[in-house]
Every structure is written in structure tokens, then in C-alpha cells.
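A short worksheet on the structure shown next.
The values are calculated or read from the model by the stated rules, or taken from the named source; none is laboratory data. All values derive from a computational prediction rather than experimental measurement. Reconstructed Cβ throughout: ideal geometry from the backbone, glycine too, with neighbour counts over all protein chains shown.
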2 protein chains.
Amino acid sequence: MEEKFLELKQRLMEIADLNKAAGLLGWDQRVMMPPAGAAARAEVLATLGKIAHEKFTSDEMGKLLEDLQSYEESLPYDSDEASLIRVARKDYEKNVRVPASLRAEMSRASSQAQQVWVEARQKSDFHHFLPMLERQIELRHRYIECFPNFQDPYDVLLDDFERDMRSEEVKSTFDQLKEGLLPFMEAVRERADLVSDAPLHGHFPVEQQRTFCLEILKHFGFDPNGWRLDPTVHPFASSIAIQDIRITTRYYENFLAPALFGSMHECGHGLYENGVSPSLERTLLARGASHGLHESQSRMWENLVGRSLPFWRYFYPKLQQTFPLQFSMVSLDQFYKAINKVQPSFIRVEADEATYNLHIILRFEIEREMIHGEIELRDLPEVWNSRFKDYLGLEIPNDSVGVLQDIHWSMGLIGYFPTYSLGNIIACQIWEKVLEDIPDLYEQFERGQFMALREWLRENLHRHGRKFTPRETLQKVTGKAGIDVQPYLRYLKTKFGEIYGLNGV
Amino acid sequence: MEEKFLELKQRLMEIADLNKAAGLLGWDQRVMMPPAGAAARAEVLATLGKIAHEKFTSDEMGKLLEDLQSYEESLPYDSDEASLIRVARKDYEKNVRVPASLRAEMSRASSQAQQVWVEARQKSDFHHFLPMLERQIELRHRYIECFPNFQDPYDVLLDDFERDMRSEEVKSTFDQLKEGLLPFMEAVRERADLVSDAPLHGHFPVEQQRTFCLEILKHFGFDPNGWRLDPTVHPFASSIAIQDIRITTRYYENFLAPALFGSMHECGHGLYENGVSPSLERTLLARGASHGLHESQSRMWENLVGRSLPFWRYFYPKLQQTFPLQFSMVSLDQFYKAINKVQPSFIRVEADEATYNLHIILRFEIEREMIHGEIELRDLPEVWNSRFKDYLGLEIPNDSVGVLQDIHWSMGLIGYFPTYSLGNIIACQIWEKVLEDIPDLYEQFERGQFMALREWLRENLHRHGRKFTPRETLQKVTGKAGIDVQPYLRYLKTKFGEIYGLNGV
């Protein structure tokens, strides 16, 4: 039996290697590749994906997983071995259900729709994009049909990003969030003038931004021996191996926030992948547990750490030294408020910490209604615009900054958006546990010490990788399995209540 | 039959994609990868190599190649289709002869020997390296035994780098070269003081070197849309795709020559791969015809173009503008002599254009004698040192700068060295043809025009890729199939005769 396990592991390691190669090709494509390399790169990526998929869905793989059922049951649930068999079986079962022809069609439709989406966004013309969206929704229905047992068709899509999550649970979580946030946001909006983010706009030479960001990241655990930081247009993090973490950021010469908080955000993703137990390397467990848990880590380092006052008590004098012209006349309090200004805006990726979730809730509700057939797709701009007015109080001037702003739907990524807000919520659930275990956490930040936090996260979350479901993982970290929106609401109300003088709202 | 051909092509394209992925992983490893990523990278590369090898040596592949024999014969020899079948068959036949177990052993022995070689070179201790070299020679003999028909066992090794080349031909070529060079070198040595390379030493900020190199490369055909230039420790060129060429160079703040001529050298390699006909993309023909032909291109752009007087008539004023402190008091004539100083030295990779070949001839003779069993391996340092004295007139002070200087033998690369000098020789054979067809070539250089040369090379050499054997390729380019050392000797004697006032020697 152990021999069969070793055979399974050997096969899975080869597949992991193919995926690592694809990961590097993808990183290179977005960070290094000269543009003319795009066509050949697409072919190489398609070939690697095809070979990995063939190997993973082979009959031999199915047979091995079947034969190893009793071996798995004989091992502790938490063991690397049982977890590998269990997760591989679940992945296998999902993969074999989808015919190769449908996969190929989905992949082609995504390429085509992305191109049309770019044109439509440029022209702000939703109707140019409409046929592509119709096709994507139709393909999602065919995908959903491959899976016979579901309460809600949207659950099938959600499961690809947040395994075992149900849309009912997301809906009730988001309803609570909305209920807590909307009146609070209303109160903040009335006091918008109390906070200015002017200090973040000015002149910030890229090389100095980069040096300062790296200084912060090194405090978080960025180690040049195993990490890279590179500029790119749409920042992301990628782990080529547990010991080879690539993060990216985008520098604006006249606006400090994107590189500063973006690099902390991607570092949070990187720390998760870098903290996976080395015993899981070259397996499908050497990744984060889910999109939501991953986002909890990026958001934690970006916001709970990087936008906190104790953090800046330590780093602000250094920032003032780096950009004296810009900051010598700006107090720590003014700077802290500037980086925490709440301001409803059209674009999700530019949204502040508090309004961000309303962008997500809007998308979740709409995409679920699309899948349920409750919206006529051609009416989408009106639905979007009127709900946006309700949630964020702004009139959308054109579809480019409205329903056409995100690439996700063109790629067929439906079920992805909610994981962004789940990440915010989970981050605060974990954070309350961290504060219980490390009572002087903020004092440590004031001294520039972040290693206790990183080690706590590594020990309680990161090292498990993808051994457990998101729910099981959350249970291990916090002692509670369910999503709980209250810590997040408490955090937002305390923090922004103080900044906007609203405590008691 | 066409269906079978399409199946063959489809299979070969997948293998080409795997090799492209490996190519990018290798480039990244040497240019971008954080050091801690090395172990995981080795696994990924091994997996890609294994899968590509399995696919290429599969029974189905053998059957297809057999079935397509008559189809191949029905097509014109020069056609892409016939060439693909022909070259794939030859590669296949070579690949299947070598058992997987021997391949694995060779690969393990190389990894181990490289490590020991690094230690031995550091300590300048040949006897530390000796057991590894013995093992490499033994493995080469086992490799040679896989191929039943050869005149000379060394031919089998040479064939991996220069297909169909015989060591007898190399020997007689190198003997002529030696005969022509040795007395000439002797005469140059006596006049060594006439030329100084002092102007190349000084202070050259890296960013300005890079900008100046890129300016030259753009004149040669480097296009940022499809090329990259990056710094690395051991420079090389790599084509990720015909439209995605990566070249590298090394900058020394206090010595201008390495980046300047190194980047032109690698650009020559890049232009070859970039000039392959797009119809050959994703096949095993989308590469240079051989190591010798490849080196002919790098040497041509580095030396025949980049160290020529007409080239610098155009570029020297620009170099003076870039580094005015360094060059305002140096005349074009002094600079031209500085970059062409002939000076025997210990290290091959630092050798000048004229002495370089003596380093190669020495290695070729010694490695052939090793394979023939004519040298006791333990006597290698003495053999090396005494022959070095004969050819270059210098006493080797220690093995680090003698027999241990190159990585090749530790990697099992025996049969590789001669292709460097073959490249020099072939470059001049081609050059004489270029000058016939473009009589005003040097006048064009003086005006900063290099496109006629590049187009000539693309039309007559580059576009064929690996469709033909090196011999056939040379025949197509020059009208003569054989290696001819005379053009190269004429070139060296004319050029260095002028510089050293030796004409008539």
C-alpha cells in the first residue's frame, strides 16, 4: 500500500512541477516577457496545462486514489499523507466531471471575451460586450450541469474558489455586513471633509519608493535570498516554490499609496505561500487553503498591520526621512488619517478599506442573480447603476467605470468576487485571536517588530497549506468554523469611528 | 499520410513547448531566481526533461517516423515538412540508443562533478577533481558504445555539438590554423608594447554602459518589443521563442570591454535565433544548425563587426560623448588598437581574438587524447602546462588558471570546445561571401548601417534554422561545404599585421 502511495505522490509531484513551470511562465509573461513573445507563450501554457490535466485525470490516477481509500482511512486525518490523498481525490473528482471539450470551449470563450471586453471598456459600450457575457453565462450553466448535487447553482461556481462554501452563507454574511456598514458609511460621508489624503499626492521618485517598500517588507519577512519584488501593471503575488516567492507592485511618481499598500498586500500573499510546511513542497497542498483565506492574509498585512497607527509610529519618521519635502510638515496624525480616508468612488480596486466591501456585495448579488436567471443580461447596466447609487451614493457616469470595470466576468470568473470580502472578514476573525495570544502586539509594532505575528500565522495557519478545507482551516486557527462578520464590523467601527469622531454611531 | 504528418507535428510541437518552458526556467535560474529557489527549480527542470524525453522516444513516435519515410521521400528535400521528418528521425535515432539508466547516471555524475570541480578550482587541487574526471571519461565511453559505427570514438561526442563533423577534419583544420598562427603570434609577441589597452580600464558607471550597449544592439536589430538584455554572472543568449530573445551581459565598473563586446557577442546568437523562419516555430528546427554555426554568428557581430575600424568610425564619437573623461584624449586609432590588443593570457574566456584559438586547440587535442586513452588522466596538469608553454609562451602558475579553469569537463561536455574555433573559422568563410555580395559593407558601417548585413544573414543562413546539417547549411551560405581555414588566417594576418606593423609576415 505504501508503494501505491509513493506512486501517487510521484505522479502528483510531476504534476506539481508542471504547474510550477506554468506559474513561472505566467509570472514572466506579466513581469518580464517582451510583448512579441505573447503568442508563443500562450501555446506553451496551453501545452503545459493540457499535459498536467491529462496526467491528473488519467485512469491510473483514478485507480490509485480508489485503491488508497483504506490506506487513507488508516492514517490520522491531519497527516500529510491522508490529507494528500483526500484533497487529490476531491480535486480529481471535480476535474473528471468536466469533459475536455467543455474545458476547451470555456478556455477559448474566455480568450475571445477578454479581447472584446477590452474594446467595450474602452468605448464604454456594454452592448458590445453583451454577447460575450451571454456566452459566458451559458457556459457556466453547462459547467454547473456537470455537478449533480447542489442546493444553489451558484454554489458550484463558488466552490472553485472557496471549497464547501455555500452562497446562502455568503448572502447572510453579506446582509449583516451591509446592515452594519450602510448607516455607518452614511455617517462617515457626512464628515468626509474631516480627513484629507492630500499628503499622499506629490512627487515620489520610484527608486526611493522601492527602497522604502523593501525596508517595510524586510520587517515582515521578505528575504532577498528567496523573494523578488518587481514592478508590473496589474500587481499580483506568485509562488514559484515555497522558497521562491515573487511579488509585484506598481509605482506612481505622483501618488504614494498604491506601491506602499500594494506591496504590503502582495507580501501578505507571499508570506502565506512561503510559510507552507516544506514537507508539502511539490504537492497540490503547497498553496493557501482558499481564495478567502489567502485574501485574509494580504488584507491583514496591508490593512490591520500597514494602516494601523502603531505601525506608523515606527515607520513614519523613516518615511519623513525618505521624503522630507513631502512629509516634514505633515504630522503622524494627519498622515494616519490620510491613509485611512473613506471616500466612495467608482472603481473597486481604488476603494478604501471601508467602502471596498460594498463594491463586492454589489457584484456578488448581481452575479448570483445572473446565474439564477433573475436579471435580463441586457439590463445589467441599469441594475448596476441603481444599486451602486443605493450602496455608495454615487451616480455612475458611464459603463467603463461601472459594470465594465472588472476583467473577471469576461474570463468567466463568476464566484470569485465574494472571496475578496470573505478575506476581509476572516482577517478580523483571525486578528482577534492573534490579539488574545499576543497581547502586546501593537507595542511590538511600535518597536518595528513583526516576527511574533508572522510566526503565529505560520504556526497556526500558513504551515497547513491546503491540507484542510477553508472551514477546517478556520476552525484550526480561530477555534470556530463559521464565518463571523462581527469582528470585522467591530474593527471598522472602532477604527473609523475614532478617525471620524463617530464613536457611538 | 498527411494526417500522420500532422500527428507527428502535433507531438513535436508539444515537445517543443516543453523545451521552451525549460528554456525559460533556465534563463530565469541564471538571471532572476532568488538563490533559495534552486532545489525546487532542479526538480521542475528534471521533470520537464523527463516528460519531453519520454514523449520523444515513445513507440508511437518511432512508428510515425517509420510510417512517414515514403511521405518524406515524396517531398522536396528542402521543404519544411521533409526537413522536419528527417531531422526528427535523426534525433530520435540518437535518443533511443541511449538507455534511460545511463542518461540518469550521466546527469547525476555531472551534478556531483560540477560541485567537486568548484571546490577543486578554489583550492587549485587537480587531484581532488581527478576521480570525477575519471568517472566522466568512463561514462563517455559507455555513451560512445551505444553508437556502433564510428571511425573515431571522439566523433560520437563531437556529433552532439556539430552533427556529421569528424574529428579528423577538425584535427587537420586546427593543424593548419596552428601552423599559420604560431609564427605569427611569435612575431606579435615581440611587438606587444606597440599596443596598450589602458583606455578600456577606468570608471564606467553601469547604467551608462547599459545605455551605450543597447544603442549598439538596436543598430544590429535588437527590438525591445521582442528582446531583453539583462545582467548576469556568466553571460549567455537564450531564445524563448523566435519573437522572444533574451540576451545577457556582465558589467564591470572599471573595465569596459566585457559588457561592450559580450553584449554584441550574445546579440549575434540572438539574431540567429530571431531570424529563423516563423514557419519553423514550435518545432525542433527553430534553432541554429549547430554550435559551430551559432558561434560563427556571435563571433561575427562581436569581432568582424564590433572590433572593426569602420564600426568605430561611426560609434567612437558617441562613446566619447558617453564617457568624455575617459576618451576625450584618446584617438580613434588608439581606441581601435586597444580593443584589438593581442596578449597571451591564462584564461580562455578572457583571451583576445587571435590567441583564443590556441586555447581551444589545446583543449581539443587533450580531450581527444583522453578519449583515445593516450593520456594518463593523473598526468593532465603536466600535459596541459607544457603544451600551454609551447602554444602561448606562458608558464602556468597553478591549476586554477590552468587545467581546472573551465566547467565543461566536469559537466561531461567533451566535444564542445572545438566548436568555438570552428565558429571563428566559419565566420570568416561567410564574411568573404558577404563582402562579395555587399561590396560597400564597410562604408555602410561607417554610416551606422547594419541592416543589409543582418538581412543577408537572415536570408542566407538564419531562416533555415536547423533544417539542414551544418555542412549542408554552410554549403547553402558559402557555396562550399567544407571547413576552410584560409579566410580566417587571411583576416587575422591582415588585421593584426596592420595593427602591429607586421604585414608581409
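Considering only segment B:105-131, state which residues are under 26 Å from the mean Cα position of the chain (by Cα) and among the aliphatic types (A, V, I, L, M). Within segment B:105-131, B:M106, B:A109, B:A113, B:V116, B:V118, B:A120 qualify. Checked against (1) within 14 Å of another protein chain (Cβ to nearest Cβ); (2) in a helix (DSSP H, G or I), A:M33 meets all criteria but (2). Go through the residues of segment B:292-307 one by one and say whether even a single one is in a helix (DSSP H, G or I), surrounded by fewer than 22 Cβ atoms within 10 Å (Cβ to Cβ) and among the aromatic types (F, W, Y). Scanning segment B:292-307 turns up no residue that is in a helix (DSSP H, G or I), surrounded by fewer than 22 Cβ atoms within 10 Å (Cβ to Cβ) and among the aromatic types (F, W, Y). Listed by position, the helices (runs of 4 or more DSSP H) inside segment B:362-477 whose residues that are basic (K, R) number at least 2 are B:380-392, B:451-460.
For segment A:276-291, which residues satisfy the criterion of being within 12 Å of chain B (Cβ to nearest Cβ) and small (G, A, S)? Matches in segment A:276-291: A:A286 only. For B:L200, indicate whether it is in contact with a strand residue (DSSP E or B) (Cβ under 9 Å, 6 or more places away or on another chain) and buried (at least 17 other Cβ atoms within 10 Å of the Cβ). In short, yes.
Conditions tested, residue by residue: (1) at pLDDT 95 or above; (2) among the aromatic types (F, W, Y); (3) within 30 Å of A:L157 (Cβ to Cβ).
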{"position": "A:R228", "(1), (2), (3)": "yes, no, no"}
{"position": "A:S239", "(1), (2), (3)": "yes, no, yes"}
{"position": "A:I247", "(1), (2), (3)": "yes, no, yes"}
{"position": "A:L260", "(1), (2), (3)": "yes, no, no"}
{"position": "A:N274", "(1), (2), (3)": "yes, no, yes"}
{"position": "A:W301", "(1), (2), (3)": "yes, yes, yes"}
{"position": "A:Y314", "(1), (2), (3)": "yes, yes, no"}
{"position": "A:Q320", "(1), (2), (3)": "yes, no, no"}
{"position": "A:D333", "(1), (2), (3)": "yes, no, no"}
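Taking the criterion of being closer than 23 Å to A:L200 by Cβ and either in contact with a Phe, Trp or Tyr (Cβ under 7 Å, 6 or more places away or on another chain) or within 14 Å of chain B (Cβ to nearest Cβ) (or both), the residues of segment A:239-253 that qualify are A:I247, A:T248, A:E253.
Counting only helices (runs of 4 or more DSSP H) that fall entirely inside segment B:114-228 and contain at least 3 residues that are of a type in the set (S, T, Y) and closer than 30 Å to B:Y491 by Cβ, the qualifying elements are B:167-190.
Out of everything in segment B:24-48 that is buried (at least 21 other Cβ atoms within 10 Å of the Cβ) and of a type in the set (D, E, K, R), what residue ends up being farthest from B:Y92 (Cα to Cα)? Taking the candidates together, the pick is B:D28. Criterion applied to A:E382, A:E376 was being of a type in the set (D, E), closer than 26 Å to A:G180 by Cα and over 22 Å from the mean Cα position of the chain (by Cα), and the one residue passing it is A:E382. All told, A:E162 falls short of being over 30 Å from A:L502 (Cα atoms) and loosely packed, with under 13 Cβ neighbours inside 10 Å. Test B:L45 against the criterion of being of a type in the set (A, V, I, L, M, F, W, C) and more than 9 Å from every other protein chain (Cβ to nearest Cβ), and give yes or no. Taking the combined requirement at face value, the residue does not satisfy it. Taking first residues from segment B:322-338 that are under 18 Å from B:Q208 (Cβ atoms) and partners that are among the acidic types (D, E), the Cβ contacts under 9 Å between residues at least 6 apart in sequence or on separate chains come to B:T322/B:E215.
Checked against (1) more than 23 Å from the chain's Cα centre (by Cα); (2) among the hydrophobic types (A, V, I, L, M, F, W, C); (3) modelled with pLDDT under 95, B:M33 passes all but condition (3). For B:T248, indicate whether it is of a type in the set (S, T, Y), surrounded by 14 or more Cβ atoms within 10 Å (Cβ to Cβ) and outside any helix (DSSP H, G or I). So B:T248 fits the description; yes. In summary, A:E273 fulfils each of the numbered conditions (1) within 14 Å of chain B (Cβ to nearest Cβ); (2) surrounded by 15 or more Cβ atoms within 10 Å (Cβ to Cβ); (3) not in a helix (DSSP H, G or I) with the single exception of condition (3). When A:Q122, A:Q114 are checked against the criterion of being in contact (Cβ under 8 Å) with a residue 60 or more places away in the chain, closer than 21 Å to A:I347 by Cβ and surrounded by 13 or more Cβ atoms within 10 Å (Cβ to Cβ), A:Q114 stands alone in meeting it. Of all the numbered requirements in (1) under 26 Å from B:M264 (Cα atoms); (2) touching a helix residue (DSSP H, G or I) at 6+ places or on another chain (Cβ under 6 Å), B:S196 misses one, and that requirement is (2).
The set of residues from segment B:59-82 being out of contact with any Leu (no Cβ under 7 Å at 6 or more places or on another chain), not in a helix (DSSP H, G or I) and not hydroxyl-bearing (S, T, Y) comprises B:L75, B:P76, B:D78.
Residue under question is A:Q136, and the condition is that it be over 25 Å from A:R466 (Cβ atoms), modelled with pLDDT under 95 and surrounded by 12 or more Cβ atoms within 10 Å (Cβ to Cβ); does it hold? Judged against the criteria, A:Q136 is not a match. In segment B:49-58, which residue that is away from every other protein chain (no Cβ under 11 Å) and assigned to a helix (DSSP H, G or I) is nearest to B:E93 (Cα to Cα)? So the residue we want is B:F56.
Within the set B:A338, B:A286, the sole residue that is modelled with pLDDT of 95 or more, surrounded by 21 or more Cβ atoms within 10 Å (Cβ to Cβ) and more than 19 Å from B:A427 (Cα to Cα) turns out to be B:A286. Scan segment A:222-238 residue by residue and report those that are within 13 Å of chain B (Cβ to nearest Cβ) and either out of contact with any Gly (no Cβ under 7 Å at 6 or more places or on another chain) or farther than 20 Å from A:M300 by Cα (or both). Matches in segment A:222-238: A:F222, A:D223, A:P224, A:N225, A:G226, A:R228, A:L229, A:D230.
Regarding segment B:7-29, can at least one residue be identified that is in contact (Cβ under 8 Å) with a residue 40 or more places away in the chain, in a helix (DSSP H, G or I), within 16 Å of A:L25 (Cα to Cα) and more than 10 Å from every other protein chain (Cβ to nearest Cβ)? Yes, segment B:7-29 contains a residue that is in contact (Cβ under 8 Å) with a residue 40 or more places away in the chain, in a helix (DSSP H, G or I), within 16 Å of A:L25 (Cα to Cα) and more than 10 Å from every other protein chain (Cβ to nearest Cβ).
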